[in-house]
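Peer 1: Input: one structure, supplied below.
The values are calculated or read from the model by the stated rules, or taken from the named source; none is laboratory data. Because the structure is a prediction, the values reported are computed rather than measured. In this analysis, Cβ positions are derived from the backbone assuming ideal geometry, glycine residues included, and neighbour counts consider all displayed protein chains.
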Amino acid sequence: MYSQFGDAFAIKSGTRELMDDLGAIARGGRDLINLGGGNPSLIPAMQAMFERAWASVPAADWVSLASVYDAPQGHPAFLERMSEVLRTQFGWPAKAGNLLVTSGSQASFFALFNLFGGTDTKGRLRQILLPQAPEYIGYAQSGIAPAMLTSFPGLIEHVADHRFKYRPDFDRIAVTERHAAVCVSRPCNPTGNVITDEELARLRHLAQDAGVPLIVDCAYGQPFPGIVFAPASLAWDEDLIVCLSLSKLGLPGLRTGLVVAKSETIDLLTSINAMLTLAPNPVGARLMLALMAEQDVLALAREVVGPHYAAASRRALAACDELLGHTDYLAHVSEGAIFLWLWFPRLPVPVQQLYERLKARGVLVIPGHHFGPGLSEPWPHLGQCLRLSYAQPEERLRAGLRVLAEELRALGYPG
Ligand SMILES: Cc1ncc(COP(=O)(O)O)c(C=O)c1O
């Protein structure tokens with residue numbers, strides 16, 4: 001009855017499960033400890049600045065904000081100003097024609113994956129290569145063609161007591177004519193891994209040699225919101241597509257994403273915007289424009305948002321060591337983003353069961369098996385992992401970790 005595309009949505013994705021959990025919280029009712037979703041912290045200094053910026057939008061602008069369609073590429077004055085910031089402060093050779101506003105970077109990925117991946121004019125399936133699993137849950141199901149994503153498990157490196165890190169498996173990663181683009185989240189959601197400059201350069205070369213773009217998902221990264229704690233740089237050029245978002249600056253409700261790419265790609269994405277939404281909602285762009293009139297947004301990322309999460313991440317890892325350190329647990333090193341990725345190598349049940357036990361006790365986390373989009377075969381390691389957000393107040397995280405420790409004990413998890 002439905003198309004192949006429609007039928008793919010009959011299987012409830014991890015993203016849907018996660019957003020349903022968030023929706024239940026938004027409806028109120030039960031007091032849940034939400035360590036599951038991607039909601040950012042409410043950082044008082046940032047909230048105050050957003051409110052001031054919003055108040056500074058003249059009442060007369062209401063008409064141009066709400067009563068007319070904006071341009072399909074995004075609000076022109078915002079594209080001009082943002083490209084100027086990226087050029088003058090971040091050294092990217094980007095002009096307004098290299099930028100596009102979308103309804104959140106989730107929407108950017110749907111457009112980009114289907115722009116490049118899928119059946120080409122010669123009838124061949126061309127895939128999006130995600131070089132290192134675990135990867136972002138939201139990439140799953142974003143290809144209209146079936147089997148559009150492909151991925152390889154990361155290599156596991158034990159870096160210290162209770163700590164590990166994934167590395168790209170360059171012996172296996174090859175970009176061939178089967179691939180239409182390469183995409184990596186940096187920092188990575190769910191793991192907090194930041195692929196190094198050297199690893200990024202290798203991926204860039206592999207993509208360049210194959211003549212395909214490298215898409216870097218900077219939802220947490222540079223130049224904003226700047227939630228990066230490891231040394232990392234990112235130079236944009238026309239072979240690279242960078243996806244940015246206002247969400248983790250603290251504005252997820254405004255659903256505003258930004259794509260930086262060569263003008264030919266931006267032109268195609270503009271047509272997709274026009275077809276899908278006629279024009280993106282201008283509220284996020286207009287708020288940012290007002291904010292940028294008063295504030296240096298890149299400095300806010302560097303000096304307010306990044307340090308807030310760096311401190312929260314240190315406290316969160318310390319809490320894990322304190323409350324789980326007696327067990328055989330490992331945490332991925334926290335190099336960026338807003339999550340902890342925990343690994344229980346001797347978990348006696350699938351992690352979905354642990355998730356359900358925790359949910360029954362009012363603690364929401366995300367089970368690890370959702371984070372392998374594109375893997376050709378199951379990777380049992382993911383079924384021993386879970387993702388926790390540390391963006392919420394520390395007492396909530398500690399309360400959740402205590403329940404997790406109790407449930408592990410109830411499952412006889414080894415100490
Ligand atoms: C890695 C990554 N990419 C993209 C997104 C989508 O963000 P948004 O659509 O809110 O811009 C998220 C959201 O959590 C994310 O974690």
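Peer 1: Only one of (1) out of contact with any strand residue (DSSP E or B) (no Cβ under 7 Å at 6 or more places or on another chain); (2) surrounded by 22 or more Cβ atoms within 10 Å (Cβ to Cβ); (3) among the basic types (Lys, Arg) fails for Arg255. Which number is that?
Peer 2: The failed condition is (2).
Peer 1: Answer yes or no as to whether Ala201 is more than 16 Å from Ile128 (Cβ to Cβ) and buried (at least 24 other Cβ atoms within 10 Å of the Cβ).
Peer 2: The answer is no for Ala201.
Here's the yes/no breakdown for (1) touching a helix residue (DSSP H, G or I) at 6+ places or on another chain (Cβ under 6 Å); (2) outside any helix (DSSP H, G or I); (3) modelled with pLDDT of 95 or more; (4) more than 15 Å from the ligand (Cβ to nearest atom):
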site	(1), (2), (3), (4)
Leu234	no, yes, yes, no
Asp237	no, yes, yes, yes
Ile241	no, yes, yes, no
Leu244	no, yes, yes, no
Lys248	no, no, yes, no
Gly253	no, no, yes, no
Asn273	no, no, yes, no
Asn281	no, yes, no, no
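Peer 1: Among the residues of the stretch 367-378, count how many are outside any helix (DSSP H, G or I), under 21 Å from the mean Cα position of the chain (by Cα) and within 20 Å of Ala147 (Cα to Cα).
Peer 2: The total comes to 4.
Peer 1: Still on this structure, I have one more. Test each condition in (1) under 21 Å from Lys12 (Cα atoms); (2) crowded, with 23+ Cβ neighbours inside 10 Å; (3) within 19 Å of the chain's Cα centre (by Cα) for Leu364 and report the one that comes out false.
Peer 2: Failed condition: (2).
Peer 1: Let me spell it out: the conditions are (1) more than 16 Å from the ligand (Cβ to nearest atom); (2) touching a Pro at 6+ places or on another chain (Cβ under 9 Å), and Asp171 meets all of them except one. Which number is the exception?
Peer 2: (2) is the only condition that Asp171 fails.
Peer 1: Any residue that is away from the ligand (no atom under 16 Å from the Cβ), closer than 19 Å to Ser334 by Cα, crowded, with 16+ Cβ neighbours inside 10 Å and among the hydrophobic types (A, V, I, L, M, F, W, C) - is there at least one of those in the stretch 138-149?
Peer 2: Within the stretch 138-149 (the criterion being away from the ligand (no atom under 16 Å from the Cβ), closer than 19 Å to Ser334 by Cα, crowded, with 16+ Cβ neighbours inside 10 Å and among the hydrophobic types (A, V, I, L, M, F, W, C)), the answer is no, since none of the residues qualifies.
Peer 1: For the stretch 209-226: of the residues being of a type in the set (Gly, Ala, Ser) and away from the ligand (no atom under 15 Å from the Cβ), which is surrounded by the fewest Cβ atoms within 10 Å (Cβ to Cβ)?
Peer 2: My answer is Gly211.
Peer 1: For the stretch 287-336, name all the residues that are assigned to a loop (DSSP other than H, G, I, E, B), touching a Gly at 6+ places or on another chain (Cβ under 6 Å) and surrounded by 22 or more Cβ atoms within 10 Å (Cβ to Cβ).
Peer 2: Answer for the stretch 287-336, where residues must be assigned to a loop (DSSP other than H, G, I, E, B), touching a Gly at 6+ places or on another chain (Cβ under 6 Å) and surrounded by 22 or more Cβ atoms within 10 Å (Cβ to Cβ): Ser334, Glu335.
Peer 1: Go through (1) touching a residue at least 40 places away in the same chain (Cβ under 8 Å); (2) part of a strand (DSSP E or B) for Glu157 and report which single condition fails.
Peer 2: Of (1) touching a residue at least 40 places away in the same chain (Cβ under 8 Å); (2) part of a strand (DSSP E or B), only one is false for Glu157: (1).
Peer 1: Being exposed (fewer than 15 other Cβ atoms within 10 Å of the Cβ), touching a residue at least 12 places away in the same chain (Cβ under 8 Å) and in the same structural domain as Gly253 (by TED's automatic domain parsing) is true for just one of Ala77, Ala111. Which residue is that?
Peer 2: Going through Ala77, Ala111 in turn, just one is exposed (fewer than 15 other Cβ atoms within 10 Å of the Cβ), touching a residue at least 12 places away in the same chain (Cβ under 8 Å) and in the same structural domain as Gly253 (by TED's automatic domain parsing): Ala77.
Peer 1: Could you list, ordered by first residue, the pairs with Cβ atoms under 6 Å in which the first is in the stretch 175-204 and within 18 Å of Glu157 (Cβ to Cβ) and at pLDDT below 95 and the second is hydroxyl-bearing (Ser, Thr, Tyr) and buried (at least 21 other Cβ atoms within 10 Å of the Cβ), at least 6 apart or interchain?
Peer 2: Between residues of the stretch 175-204 that are within 18 Å of Glu157 (Cβ to Cβ) and at pLDDT below 95 and residues that are hydroxyl-bearing (Ser, Thr, Tyr) and buried (at least 21 other Cβ atoms within 10 Å of the Cβ), there is no close pair.
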